[in-house]
Structures are given as C-alpha cells and as structure tokens.
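Each remark here refers to the structure printed beneath this line.
The values are calculated or read from the model by the stated rules, or taken from the named source; none is laboratory data. Given the structure is predicted, the values throughout are model-derived calculations rather than measurements. Every residue, glycine among them, receives a Cβ derived from its backbone with ideal geometry; neighbour counts consider all protein chains shown. These area figures cover heavy atoms from the full protein model, side chains too; ligands, DNA and RNA do not enter into them. Shrake-Rupley method; radii C 1.70, N 1.55, O 1.52, S 1.80 Å.
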2 protein chains.
Amino acid sequence: MRIGVLGAGQLGRMLALAGYPLANDFVFYDMSGNPSAGLGEVIIDRNNEFLKDFLSRVDRVTYEFEHLPVEIAQIIAREKPVYPSPRALQVCQNREAEKTLFGSLGIPTPEWRIAENAEQLRRAASELGCPVVAKSNTEGYDGKGQAVLRSPEEAAEAWRSISHDKLIVEKFVDFQREVSIIAVRGEDGELAFYPMAENVHSEGILRYSIAPAPGLRPEIRDDAERYIRTLLNELDYVGVLALELFETADGLVANEMAPRVHNSGHWTMEGAVTSQFENHIRAVTGMPLGDTSARGVSCMVNIIGSHGDVRDILRLPYTHLHLYNKLERPGRKLGHINVLADSYEELVWRVRNCACFLPGAPELDCSLTRS
Amino acid sequence: MRIGVLGAGQLGRMLALAGYPLANDFVFYDMSGNPSAGLGEVIIDRNNEFLKDFLSRVDRVTYEFEHLPVEIAQIIAREKPVYPSPRALQVCQNREAEKTLFGSLGIPTPEWRIAENAEQLRRAASELGCPVVAKSNTEGYDGKGQAVLRSPEEAAEAWRSISHDKLIVEKFVDFQREVSIIAVRGEDGELAFYPMAENVHSEGILRYSIAPAPGLRPEIRDDAERYIRTLLNELDYVGVLALELFETADGLVANEMAPRVHNSGHWTMEGAVTSQFENHIRAVTGMPLGDTSARGVSCMVNIIGSHGDVRDILRLPYTHLHLYNKLERPGRKLGHINVLADSYEELVWRVRNCACFLPGAPELDCSLTRS
C-alpha cells in the first residue's frame, strides 16, 4: 500500500522503516519547508500547491505531528482515508477540547481554567491555588509555551512569556511519577495495549522511558486501559494513540494525549514483540494488530542536542541505537538508545553506563533509583 | 556514512533498513537492469557508464550478491574501500578456488574433481563413486546449474543439462543435516559469531532455518567457529561471511561460503540481539560489532513463489513478516517470516501453524521433527 505521511521528521522515518517490510511504500508531505528525516520521497510544499499531486500518489494518509492545520486533514479526508481521523487531530491540538473530552468520558484531569488575558490568568491561579501550570491552548509541545506560577502575582510575567491569546491553567498535580499508556486500534475496532512506561522529563523534554513501568499496581493499569479504550472508541480512532498520565496517591490523572506514535513508546522497537511503528502501520493499512507484549525490561534513552560518542555507545552490547540523521542543536531530539535487560536492577546499571557517553544527559532519577 | 551497495535486491534492502538508524545513507548500483527491492536511490547501469558517478557519491562500497564481475570490484577498490574485499569475492564465485582455499586451511570438504567435458565428468563420477553432485564452477546458486549423477553413465546427460564449460564434481556427503555458521569481522579485526542454524532445503532452495541449531554438540560448534575464523582472518575479511556445512557422523564438512549477509541468517532480525544486517553495516562502516546472542529460539520460514494470505500470517502473534516488495513468480523468494518461541517444542508447533498459510510450503522436516 502507498502511505502518505504528513510531516517528515523522525517519527515518519521510523514509521517507514517499520512499514517497508510489510510491503508498503511511503511518500512524505512536508509543510514546514524543513524536512529533517524523511525516508523515501519527500514533497516539500509550504503553500499546499502540490497537495493534489501528493494525494494522487497515495492510498492512505497518516501523520506524525498533530500541529498541522485541521483544514488540510479535512480536505484530504474527502479524497483518501486519513488515520487517525481529523476529529482526533482537532481534539489533540486543542487543550481545552481535549480536557473537555476527558471530562465527558470520566477521565480525571487536573482542575483547570481558561485564561484569555493576564487578569483571567491571575484569577485562575488564585481560584485553583498555586502552584499552577499555564500552557498555550494550542501549539505547545516538549515544554514549549508553558510557565509555572508560584503565586497569582506572577500572572502578568507568565502571560507575556507564553505570548499566546488563550491559555489553559491547570492546578499543579502532586504526582509520584509520570507514566504513559500507548494503545492501538485497528480499522475493524480491534484493540491492543502496550505495557505502560514510566517517563522521566528534564526541562520539559522526555529523557528516559522505562517499560514496563516498575511496580505498577494492576488497578492502576486497569484504569489506564479503561481510559484509553474509551478515548479510542469514542473517537472511532485508527492507529496508535498515546496518553500521558500522572500517577498520584489517589490514582491516575490524565495530562495529555497525542494522536500518533509517541516518544515514550520508542522502547517498543526492541522491547516489545511488535513495535508501535509497525502496529500503527498495520492499523492504518487495515491489517491485524501485532502482539504488544514486552520482551524483558527496557529503557529508552533520548539523545538530545549532541550525539555523544556513537562508537562508545555501539560498543555496549545491550544498546540499540536509533539515529534520525539530524544535525546537532541544543535541545533537539537527535536519536534514542534502547537499553534492554533481564531485570530492573541490571537495567538501571546499564542505563547509567550508557548515559555516561551522552553529554548533558541528566542523572536517571526514577522510581527504581528512589526506592 | 554514504554506503554504495552493488545490487538492489532484498539483501540490499534489508541492509538499508538496518543501516539507516545508524546514520547511514544508501545508493544502490544495479547492473542487471532489473532492480527488485532497492530502498533509496537506485542507479541502473547495465553498461557501467555511471560507475564514476556512483562512486563519487558514496564513502564505502559493499555488495549483496557475489556473482558480479570481479573486475568491477577491483576498479571500485582503487577509488573507495570495498568490503568484503575483491579477493573474497573472487574466491566465493569460483567453487574450485573456494575448495582449494578450504583445503589449504584444513577445512574438510567432500572429495572433489574438476571436469571440463562429459568424459572427464564420467571419469570423476567413476573415481569418486556415485552418487556425485556436479555443479557449474561459477555462477550457480539456489540449486541452479547442478545435477546429481546416480551412475557414471549419466555423465553425458548431466553435462548437457548443466551446460557450462567447467564443472566441479563432488562425492555425495552422507549428512545428518545441513547447518550454517554466520560470522562477522570488523575493520579492526574484531570477530563475532552467531549461533549456528539448521537449514532445511527443498528443490535446492532454502525453506527453513532454525536457530540456534537444536542439539548441536559443543565440539561441532567449536569446529565451525575455528573454520570460519580461519577464513575471515586469511581473507582479511570485513563484513558478514556465511559458511554452509554438512553435519555428518564424522563431524563437519564444508559445502560453500557466501561473502555477504545470508538467507540462513535472516532469523537474526528478531531472533538475535543484533541482526546480521546491522552487524554487516557496523563492520563496513568501521564501527564496533553488536552482540550476536540469540533471543529465545527462532525459525526463519521463506516465502517462495506466492505470498499466501498475508492477513492470516499477521494474525499469528509470534510471527514477524518481512516482504521484499517483489512480484510473485514460481521459485522466487518474496519474503520471509521469523517465528519466535521459548522452546523448540513450541517453535515446531508455531512453524507448522504458520506454514499452513503459505501455499506450497513443504512440511517441516528437521532434526526436531525426526527425533
């Protein structure tokens, strides 16, 4: 099948690597003018002049990035199947719509307010009780467009720094750890869930994902599966969906979802029987889903800003290196390393060893190192 | 690194799939006029008009097929590193040179003779004692250009049917099973050996490879490693080398070698920590080698001639499908399925189940099913 991918970054690249062995071909459609990692034909089209041409050459369309115009997805959907649907895209790129959907489906979220000016932001912070997190309602990712307010008086400054016309303000969640669940839904409604991951962020960017999340209580896992199942079915979703959650003393609180393969699921490439990339492609092409079980325990280590010494990393027998062919730039995701082990104890040791070769990698600080 | 691959079939395709995540790019150079499965840019050049252009765009050259003119490899080697070396290529495409090398290195082979006409073939069959196998000295693969002589009187007919000006005649080996060992040597001489595979052929074409080879005695494994180590070092080899062997009551007898990634090593894609494809790329680009250990037990099932029902195959949770994007044709390798399991008993059951969906797949007849 010929699959069109909106976007040409590393996620599209890894979708293609997983999809070629299932007899698919790929055409990437880049609207940024700066495709970083496409693998196959890339159509660069900042003004949508060649959209018709792109569509004439593909059977199905998917995307690797949710911050693209919904109108484009809607136009495409009139001619070719788009998975996940434009509705999923619309919800995921608007925090207010997302939180409203979560609420209507019984998925717990932090208490939240909308602020459309600095005064509303101040009032929201005051009502919710600080600290609060203010986020641009649209377009934010990887910690961009966010600010933490320690007191309502910081509202004016935060409003200026985020510089967006609509913010969502969330009560700070006192969480034990950040986790995520990734699930996939087939064209026929078949569902499969990956083991959950524990995620470690630093400066708003994911640094480590450990899977299966250590010491996860079965009822927590059941809750997460119930939440994401509800979302998948409600959105008549096809493909991989990621849901980021906070684990608190009172259970799970949803943070946000992403309508695509997700950085916290990169461990599945060697750490699960079928990777999230292959399962997304299977879903999008109407094929049966693959086994989502874990193979041992694993940790995904992001390579941020600098490649480090590739040779030293490859010398470690338990690492799997995935580079995106991108130039170094501070804060940029350049690749990731999947570290595999037979036990969590061994995993921690291996991850620390591996991180030695990555300049600027933060110390692994997770439930395994704290207990 | 930019890697040039001579040939554009499935082996080159799988090399590229393994090599992109290690920050390599690929250009394929096809001299057949019929590239089947290149992934990346393919230069079709039947008359070597664009060889200079090809070379100007790559840093290193490797190949996926040993039946290409040695002169081309030698010309290339004057401008860019070619791995494995033209000498390895030369030896591997000439059965007489190969057997002579085996002999000089103490690697047992079947007793053999050269025949340059039907009368010499008759005499060889008579001296060696029938049955014998006659093979074209060059260019044969997948059982093509071969004949079995049950008596010396069949020489004239066999000579005509093979239709080649030089044959190698081998005494028939009374073997228990066919096995192979795959090893890789780095640019700095580092060596790594994969667990051996048991191979099941039908009509001269590999159908199944089971790895690690069940019930293999340690001394047999030691012999195989010693043989291939000797070959790798003697040829100052860089990359993956495959050695096919017969296991007999008296130990191993070498059949032939292939200076490339090999069909009997396709199980390594999910069945080993590092695949043969990734290790070949690591070697060719001067990187440290990856861990060659097996993950559980696995069986590679070739898809020959017809794709079968892809949907049914994908529905089996323990299968990994690798299609080459080739059109169906009798006897053509269209893809393979890696079946994984935790025990050989489970593996046999799973392979049989999987083979049900492949039209024309022979019954699995191997050491596991015979004992």
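Rounded to the nearest 5, the antiparallel percentage of DSSP beta bridges internal to the protein assembly as shown is 80%.
Across the stretch A:170-178, computed HN-Hα scalar couplings (Karplus, 6.51 cos²θ - 1.76 cosθ + 1.60, θ = phi - 60°) run 10, 5, 5, 9, 7, 9, 7, 6, 9 Hz from first to last residue, x flagging Gly and Pro.
The reciprocal of the average 1/r between distinct C-alpha atoms defines the Kirkwood hydrodynamic radius, which for the stretch B:175-246 equals 12.7 Å.
Size descriptors for the protein assembly as shown, from the alpha-carbon set: Rg then Dmax equal 28.5, 103 Å. Any idea what % of Cα-Cα pairs in the stretch B:225-287 are farther than 17 Å? Pairs farther apart than 17 Å: 47 percent. Share of Cα-Cα pairs in the stretch B:2-82 beyond 23 Å, in percent? That fraction is 10 percent.
A Cα-only calculation for the stretch B:177-370 places Rg and Dmax at 16.3, 47 Å. For A:Val58, no residue has an amide H sitting under 5 Å from its own, ignoring neighbours fewer than 5 places away on the same chain, with H placed 1.01 Å from N. Where both bridge residues fall in the stretch B:6-154, DSSP classifies roughly 40% of the beta bridges as antiparallel. Taking the charge dipole of the stretch B:1-158 about its Cα centre, with +1 at Lys and Arg Cβ atoms and -1 at Asp and Glu Cβ atoms, the residue from B:Ala8, B:Tyr63, B:Gly145 reaching farthest to the positive side is B:Tyr63. Loop-located chymotrypsin sites (Phe, Trp or Tyr not before Pro) in the stretch B:24-104 (DSSP state other than H, G, I, E, B) with a sparse environment of at most 16 neighbouring Cβ atoms within 10 Å: B:Phe50. Quick note on the stretch A:111-171: its Rg to Rh ratio, both from C-alpha atoms and Rh being the Kirkwood radius, is 0.90.
What the protein assembly as shown shows is 38 Å² of accessible area per residue, with the surface traced by a 1.4 Å probe over protein heavy atoms. Here chain B is treated as an ellipsoid with the same Cα gyration tensor; its semi-axes, largest first and in whole Å, are 29, 27, 21. With a 10 Å cut-off around each Cβ of A:321-329, the average count of Cβ atoms from other chains is 3.
Counting only other residues whose beta carbon sits under 9 Å from that of A:Phe246, what net charge do I get with K and R as +1, D and E as -1? Within the 9 Å Cβ shell, the charges total -3.
At each listed q (0.27 Å⁻¹), what is the log10 of I(q)/I(0) that the Debye formula gives for the stretch B:82-134 modelled as equal alpha-carbon point scatterers? Here the Debye-derived log intensity ratios amount to -1.05. Note: relative contact order over the stretch B:308-371, using C-alpha pairs below 8 Å and six or more positions apart, is 30 percent. When chain A is treated as a GNM with alpha-carbon contacts under 10 Å, the residue of A:His336, A:His322, A:His266 showing the greatest mean-square fluctuation is A:His322. From the largest down, the stretch A:22-135 spans 53, 30, 25 angstrom on the principal axes of its Cα atoms.
Among the trypsin sites (Lys or Arg not before Pro) in the stretch B:59-94, those placed in a DSSP loop whose Cβ has at most 12 other Cβ atoms within 10 Å are B:Arg78. Mean partner shielding of peptide A:282-289, defined as the number of other chain Cβ atoms within 10 Å of each residue Cβ, is 3. For B:Asp25, the residues 5 or more places off, or on other chains, whose built amide H falls under 5 Å of its own are B:Arg2, B:Ile3. For the pair the stretch B:9-57 and the stretch A:285-307, the centres of their Cα atoms are 28 angstrom apart.
With a bin width of 10 angstrom, please list the P(r) values of the stretch B:112-244 as percents of all Cα-Cα pairs, from the 0 bin to the one holding the largest distance. Per 10 Å bin, starting at zero, the Cα-Cα P(r) for the stretch B:112-244 comes out as 12, 32, 31, 22, 4, 0 percent. Here is the list for the stretch A:22-113: GluC sites (Glu not before Pro) lying in DSSP coil, each with at most 10 other C-beta atoms within 10 angstrom of its C-beta, are A:Glu49.
Dipole magnitude for the protein assembly as shown: about 680 debye, using +1 per Lys or Arg Cβ and -1 per Asp or Glu Cβ, origin at the Cα centre.
Under a Cβ-Cβ cut-off of 14 Å, what is the net charge of the residues other than A:Ile44 that fall near it, where Lys and Arg count +1 and Asp and Glu count -1?
-4
Rg then Dmax, both in Å and based on the Cα atoms of the stretch A:296-371: 12.2, 38. Residues of the stretch B:330-357 whose accessible area, computed with a 1.4 Å probe over protein heavy atoms, drops by at least 40 Å² once all protein chains are present relative to their chain alone do not exist.
Sequence-distant contacts, meaning Cα pairs under 8 Å at least 6 residues apart, place the relative contact order of chain B at 14 percent. Counting lysine pairs in chain B whose alpha carbons fall under 14 angstrom apart, excluding pairs fewer than 8 residues apart on the same chain, gives 6. Give the percent of DSSP beta bridges with both residues in chain A that are antiparallel, rounded to the nearest 5. About 80 percent, rounded to the nearest 5. Note on B:Asp312: accessible area is roughly 40 Å² with a 1.4 Å probe, heavy atoms of protein only. Solvent-accessible surface of protein heavy atoms, probed at 1.4 angstrom with all chains present, puts A:Thr100, A:Thr248 in the order A:Thr100, A:Thr248, largest first.
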